[in-house]
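The next block holds one structure in the form of structure tokens; read it before the comments.
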Amino acid sequence: ARGQLRVDLRMRERQLGGSAQAAAASFSDAQLGLRLDGIAGRIVADGQALRIDLGARAGAGRLLLAGTVSPLDPAIPVALRLTATDASLAVGTMLSARFGAGLTVEGAAARALAVSGRIVVERADIRLPERLPPNIVELPVQVVGAQPPPSQRATGAPLLAIALDVAVEAPRAVFVRGQGLDAERGGNLRATRTLADPRLAGTLDLRSGTLTRLGQEFQFRRGSIVFDGAAGIDPALDF
């Protein structure tokens, strides 16, 4: 994170006042593939609530975050709305997407939050690696009846419960390329349950596609990837 944050906040008798103003700021997260530029806006303290109004550039598009957080309330009530217009997201060289969104985050941060709304994917490019990595990933092994190492033992602090009800609409222009595959897909998905244990339901249908192997090109006649809302992300394939 880089930029300027001018802070003039005060608290007296559990009442907040003042504001914080961001200007010419940027944020980058290589793991998420997220880069935000031109972050600007204000956080205004009003009693026990912080009123948030921030905007940023995400590629050629915009992200806006508005709403309130009450940090002095023991439950920490949250009411936020995230709006995206032509925003871009890239995860390394494997995934890039341009999308719009309207998402709300509501609830109490000390207990449980709910994320709901709609994401419309305008275009997505998924690139399959042409070859497998040279190293083998070491899988963690746990012996039945043995004590887990200290790093894997429960700390006693419960994880924050985040409920999901998000519709993902991608009617076309979802391209999958690599390892001889060149295909366009489209469809609708819905994510429900919780962030820790999501359920995905919906279908991605093939619009067009080819597979090239040993110099021979195969034309797909039909194809679908169906998520039935069961536990785990385990779709049924029909090509």
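The values are calculated or read from the model by the stated rules, or taken from the named source; none is laboratory data. Remember, predicted model here, so these are calculated numbers, not experimental data. Backbone-built Cβ (ideal geometry, glycine too); neighbour counts: all protein chains shown. Note: areas computed on protein heavy atoms with side chains; ligands, DNA, RNA excluded. Shrake-Rupley method; radii C 1.70, N 1.55, O 1.52, S 1.80 Å.
Among the residues making up the range 1-22, a single one is farther than 19 Å from residue 69 by Cβ and surrounded by 13 or more Cβ atoms within 10 Å (Cβ to Cβ): 3.
Flag: residue 93 matches the condition of being out of contact with any Gly (no Cβ under 8 Å at 6 or more places or on another chain) and touching a residue at least 24 places away in the same chain (Cβ under 8 Å).
Among the residues of the range 28-51, those identified as surrounded by fewer than 14 Cβ atoms within 10 Å (Cβ to Cβ) and under 19 Å from the mean Cα position of the chain (by Cα) are 28, 29, 30, 31, 32. Of all the listed residues (114, 110), the sole one being out of contact with any Ser or Thr (no Cβ under 7 Å at 6 or more places or on another chain), in a loop (DSSP other than H, G, I, E, B) and farther than 22 Å from residue 22 by Cβ is 110.
Could you list, in sequence order, all residues of the range 144-177 that are among the hydroxyl-bearing types (Ser, Thr, Tyr) and either modelled with pLDDT of 75 or more or not in a loop (DSSP other than H, G, I, E, B) (or both)?
151
Just give me the residues in the range 86-97 being farther than 16 Å from residue 37 by Cβ, part of a strand (DSSP E or B) and of a type outside the set (S, T, N, Q), in sequence order. Residues satisfying the conditions are 91, 95, 97. Name every residue in the range 185-209 that is loosely packed, with under 14 Cβ neighbours inside 10 Å, over 22 Å from residue 97 (Cα atoms) and in contact with a strand residue (DSSP E or B) (Cβ under 6 Å, 6 or more places away or on another chain), in order of residue number. Correct list: empty.
If you filter the range 55-81 down to residues that are in a strand (DSSP E or B) and open to solvent by 60 Å² or more (accessible area, probe 1.4 Å), you find that the one that is farthest from residue 117 (Cα to Cα) is 57.
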